[in-house]
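The values are calculated or read from the model by the stated rules, or taken from the named source; none is laboratory data. The structure presented is a predicted model; accordingly, all values stated were derived computationally and were not measured. So basically every Cβ, Gly included, is an ideal-geometry build from the backbone, and we count neighbours across all protein chains shown. The area values use the complete protein model at the heavy-atom level, side chains included, leaving out ligands, DNA and RNA. Shrake-Rupley method; radii C 1.70, N 1.55, O 1.52, S 1.80 Å.
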Amino acid sequence: MKTIDKKTVEKVAHLARLKLDDKELELYSGQLASILLYISKLNEIDTANVIPTSHALATLKNVFRKDCLKRSLTPDEALENAPSKEGDFFKVPQIIEGK
Amino acid sequence: MRYETVIGLEVHLQLATKTKAFCGCSTKFGQRPNSQVCPVCLGFPGSLPSLNEEAFRFAIKVALALNCRIQAIVKFDRKNYYYPDLPKNFQISQYDMPLSYNGFVDIAVDGANKRIRVKRVHMEEDAGKLMHPEGEDYSLVDYNRGGMPLLEIVTEPDMSSPREAYDYLTKLKAILEYLKVSDCDMEKGSLRCDANVSIRPEGETKLGTKVELKNMNSFKGVRNALEYEVKRQDSVLEDGGKLVQETRLWDADKGITTSMRTKEEAEDYRYFPEPDLVPFVVEKEEIERIRKTLPELPEAKAARFKAAFGLSDYDAGVLTSQVDLADYFEECVKLYPNAKTVANWLMGDVMATVNEKNIDMSELALAPAAFTGLLKMIDSKAISGKMAKEVLAEAIETRIAPEEIVQKKGLSQISDAGAIESVVQGVLKKEAKTVSDYKSGKKAAFAFLVGQVMKETKGKANPAVVNEILKKSLGE
């Protein structure tokens, strides 16, 4: 079992928009490696003929909602807890094209 | 070297349900910012999505109309990315088990049929809308659009010219309009299109370096952007350069594509099954039940029009290209049996006016009965074809019935031989010199005399009758 390296942790941290310093990178690399090692035990089971379980509630299916209007929040209510707002809008740091 | 073009298209379609995909907020367009939001679509902790039954049914309808196979078990996945248009930091979408797959749309290329394969049609939710106030260092977010039900319709790279891409989109839109599952309005963003385009040496089977094109807001824009991009790629390769895989934005004003800043890392969405939504199993009976609700689609309708009304391929194709136009045509033919005449007028003057005014057929203020009434007036020689054109334009403009316009303006054509006869005699008396010119062989004088009669009758005399009476009076 290949353990996780610092570079991968760095990448995952970036994707999650987390800033980690060297000490933290070291710490989390070790912790994540041991978690992955533990989880990898599952790979010992032969699942070739098992249908993927995409949901824990195996017996529940087709839960729909009718296409009926419900009351929405008002802009004031929606923005009540926003850390930053302007008029009816949420305000966020400037976004450059490209996501 | 000669290159060939390879194009694949990705269309996003907003489904015309009353409420969003996973919550009961309204999907109405153009409302006050952040007034159609709730804990679910704002991603508040503890809220749970639940799938809109109507959106699911619409999606299956589209999938069936595009000849797709429906997945036996439908599940949703989370597509994770951090961008403020997503309050949850993930988009509910579908990854490895899309709602449907392996469909096709047929288009006509040089008179032959070409099959464009549809790789997949899947459901997802729309993102919010970002605004970037000029000169400021922040952006503003409106989540009204966030969570609206979308379909993503992806083709295989089967189109080999911008024209084919355009024709595919036109056909696809026609089908979607027939299904009445979306308003398909590109200006409102209900229908959006991205394109993947690459070129490769002719005969090569491996795909070239792919460029993704975004920001086209009309089908013509898609075609123009593709045409520009094909030329650009061609000249890069001809100059010995190398193409890079990137996303480029179409600038409609300048008519060019520009490279969008790309992240160093490849996209990594870390998809995983959406644990808040249980799977959906679509029973065969349910699929068949929905299939039975499919309307007659453009191809079937065109075939029927050809058989029932003797229309040409071209006419049947044009008339069925929009469901409103096809319905209008059928209404007219019920009231007026000469289908070819109806088709000519519809595809000519009526469509010209509709296009000029930039309205939909459904907004045309001219009922089929009024329109066919006009055609009947031509047949009974009450008005001439030329007058009919003017009356038609005015009827569409003023919403006044053609019959009324004809009456009010005293436009009715004079076909009564007696009435014309007396005008002719008057003209012949007044224009004695012209008459003698004519008799001495100056044939052009005849047209002058016809003109005088028309002038006397303010253009209302039936020209055929005038000709006949004049000839007789001049002793021919």
Residue match in region B:314-335 (condition: open to solvent by 50 Å² or more (accessible area, probe 1.4 Å) and at positive phi): no
Qualifying residue in region B:277-299 (condition: hydroxyl-bearing (Ser, Thr, Tyr) and closer than 27 Å to B:Thr5 by Cα): no
Every residue from region B:193-211 that is under 18 Å from B:Ser259 (Cβ atoms), modelled with pLDDT under 95 and open to solvent by 30 Å² or more (accessible area, probe 1.4 Å): B:Thr209, B:Lys210
Breaking point among (1) more than 14 Å from every other protein chain (Cβ to nearest Cβ); (2) open to solvent by less than 50 Å² (accessible area, probe 1.4 Å); (3) in a helix (DSSP H, G or I), for B:Glu299: (2)
Conditions (1) of a type in the set (Ser, Thr, Tyr); (2) under 30 Å from B:Pro33 (Cα atoms); (3) facing chain B (nearest Cβ under 7 Å); number of the one not met by A:Ser54: (2)
Residues being open to solvent by less than 10 Å² (accessible area, probe 1.4 Å) and outside any loop (DSSP other than H, G, I, E, B) - total across region B:9-48: 5
Candidates B:Tyr81, B:Tyr95, filtered to the one that is touching a residue at least 24 places away in the same chain (Cβ under 8 Å), surrounded by fewer than 20 Cβ atoms within 10 Å (Cβ to Cβ) and facing another protein chain (nearest Cβ under 8 Å): B:Tyr81
Odd one out for B:Asp251 among (1) within 14 Å of chain A (Cβ to nearest Cβ); (2) touching a strand residue (DSSP E or B) at 6+ places or on another chain (Cβ under 7 Å); (3) farther than 22 Å from B:Arg163 by Cβ; (4) of a type outside the set (A, V, I, L, M): (3)
Residue that is crowded, with 24+ Cβ neighbours inside 10 Å and within 24 Å of the chain's Cα centre (by Cα), where the choices are B:Ile116, B:Ile107: B:Ile116
Hits in region A:27-55 (condition: open to solvent by less than 100 Å² (accessible area, probe 1.4 Å), in a loop (DSSP other than H, G, I, E, B) and not hydroxyl-bearing (Ser, Thr, Tyr)): A:Ala48, A:Val50, A:His55
One residue from B:Phe58, B:Phe29, B:Phe22 being within 25 Å of B:Ser218 (Cα to Cα), of a type in the set (Phe, Trp, Tyr) and within 10 Å of chain A (Cβ to nearest Cβ): B:Phe58
Matching residues, region A:57-99, being open to solvent by 100 Å² or more (accessible area, probe 1.4 Å) and either more than 7 Å from chain B (Cβ to nearest Cβ) or touching a residue at least 12 places away in the same chain (Cβ under 8 Å) (or both): A:Thr59, A:Arg71, A:Asp76, A:Glu80, A:Asn81, A:Pro83, A:Lys85
Hits in region B:234-254 - residues which are assigned to a helix (DSSP H, G or I) and open to solvent by less than 60 Å² (accessible area, probe 1.4 Å): B:Asp234, B:Ser235, B:Val236, B:Leu237
Lone qualifier among A:Asp76, A:Asp67 - being in a helix (DSSP H, G or I) and at pLDDT 95 or above: A:Asp76
